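Rule-based calculations on the coordinates, nothing more; no lab input. The structure displayed is predicted, hence computed values, not measured ones. Virtual Cβ from ideal backbone geometry, glycine too; neighbours counted across all protein chains shown.
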Amino acid sequence: MKKKHWIVLTSHLLLIVFLILNGNLLFKDIICVYLLILIPALLFINLEYLFRRNVTYAQFLKDKLFTNFIILILIFGLVIYSTTTRYISKSKAINDLEFMMQSLENIHPDIYDFISKDSFLVQYNRITSELPVSISETDFHKTCARLTSYFGTGHTTPIANLIGKRMQLIFKRVFPYRTRIIDNRLFVTDNLCLINRIPVGSEITEINGKEINQLMIEWSQLVSYENDAFRNSQITQPFNIGLWNNFKQFNIKYKEYGSNEIKEIRAQGGIFSNMYSFFMLQKPKKLFFNQISPEIGYIGFFDCHDLKDFQEFYKSTFSELKNKGITNLIIDIRANGGGHTEIGAELMQYIFHQPFKEIDSAIVKVSNELIATGKVDKKLGRDKKEVGKTYTRVLEPYQLRDNSLRFTGKTYLLTDKGTFSAGQVFASAYKCYGNGIIIGEETGGITVSFGDIHIFDLPNTGIKIMTSWEKSYSACGVDNRHGVIPDYIISNSLDDYIEKRDKVLEFTINLINKNNK
């Protein structure tokens with residue numbers, strides 16, 4: 001093997017060592033990552049030999065017989081890994097559940113806030129008693145999700161391993177349609193497949209012999225949520241449907257819009273259609289700015305990550321708003337699932353005109369798990385804190401800094417059931433300080449909620465569990481399990497999805513034009 005080939009393989013080995021030391025992936029997933037890198041590298045080496053040497057294909061196969069054999073073996077192994085269902089014993093499953101519960105009680109500031117401990121233990125004992133002698137990892141993931149759903153908080157839930165579980169779904173089945181629940185019925189709003197397409201607006205009545213009403217009940221028991229709006233936005237996620245059901249194929253019964261005739265379709269899924277689904281499921285550009293008219297600007301963002309990117313975006317956008325004399329700004333945080341609250345605070349520096357708080361106060365739980373991460377010192381200072389106790393911290397308001405680009409016009413905020421976590425925090429502060437008009441749906445995140453997540457691994461399955469270690473009171477938040485209520489409650493209807501209209505945005509533009517007259 002030539003020197004350059006040894007360099008390629010050595011770099012991959014170093015990658016494995018790094019991932020192991022990093023400790024965030026299971027060993028089997030590390031091997032999976034390695035294969036995903038190694039196979040293209042070997043293919044590249046082969047293609048380089050084929051084209052640079054100008055040899056015949058027959059000679060190429062003869063010269064590279066061993067390498068090609070290795071590539072086939074690796075590809076075969078990767079597919080087997082991705083499609084093989086793995087099982088654990090009942091004793092190991094219960095051991096993981098006991099570890100999960102002990103960790104949640106240690107870390108979470110009030111894990112039994114929504115359900116009493118006695119009521120939860122009734123469900124816990126029932127579910128654990130029904131565990132089979134051996135259980136698949138997928139079914140055990142659902143068991144964890146079923147238990148955490150009782151806590152009524154969106155930040156306490158098992159999370160799909162991005163490398164392992166999601167990659168397995170590529171080789172299994174991802175539900176190939178976008179759907180939305182309207183009046184407790186499931187409608188198709190988009191197709192994520194090239195074939196076996198269902199007309200937008202059709203109502204799905206049955207999947208694989210199960211009526212949708214029954215499936216929605218089952219799905220809702222696997223979602224951690226704080227209100228019904230957020231639950232409905234989560235149970236129809238295509239990846240969730242694939243993970244929860246592990247269907248081999250989708251036998252779907254549906255009715256087209258305006259018809260009572262039941263039609264049937266079989267969607268096979270598979271690697272190519274799933275890859276297409278992955279592509280189609282990518283969110284729109286996370287940051288955007290459009291000028292709708294000479295007087296109206298429109299910005300949106302779908303998460304709250306990468307502060308540096310947002311700072312640059314805000315600076316360029318508000319510079320353009322000022323230069324063009326735009327006097328009305330629509331801010332769209334629909335489907336914003338959250339992230340870092342600092343990103344919302346940075347935007348407030350451009351649109352608020354008085355000092356502000358995003359969070360009024362917070363209750364922090366001290367645990368050995370959190371002390372080890374250094375997060376407790378960051379929140380509460382370095383003074384000695386007693387493990388197991390909670391401490392209340394009152395946050396100081398953000399002071400407005402000098403900003404020549406501060407927007408002096410009118411602002412309008414769009415929200416929906418997918419506005420959660422840091423997205424909800426921004427909406428709450430926006431409403432609290434009377435900064436403008438909110439249009440859309442109640443946010444999926446509630447104004448007094450558990451946040452600031454910590455993730456830990458279960459010892460036997462390696463399933464990652466996310467939970468909160470802080471209870472946050474958003475600005476003007478009320479502890480009534482409601483999100484931010486818009487000034488104008490507007491949502492897209494089924495007709496809007498069929499016609500590809502955005503009624504919420506259209507309503508906002510019309511409202512601005514009316515106010516400008």
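Details
- When each of 175, 313 is scored by the number of other beta-carbon atoms lying within 10 Å, the sequence from fewest to most is 313, 175.
- In terms of packing, defined here as the mean over residues of other Cβ atoms within 10 angstrom, the peptides 316-326, 104-114 line up highest first as 104-114, 316-326.
- Taking other C-beta atoms within 10 Å as the exposure proxy, 230, 352 rank 352, 230 from fewest upward.
- Fewest-first ranking of 347, 405, using other Cβ atoms within 10 Å as the exposure measure: 405, 347
- Between residue 133 and residue 377, the simple spin-label model (points 7 angstrom out along Cα→Cβ) gives 5.1 nm.
- Here the peptides 130-143, 355-368 are ranked by packing, the mean other Cβ count within 10 Å, and the order with the highest first is 355-368, 130-143.
- Packing, taken as the mean count of other beta carbons within 10 Å per residue, orders the peptides 118-129, 487-498, 436-447 from highest to lowest as 436-447, 487-498, 118-129.
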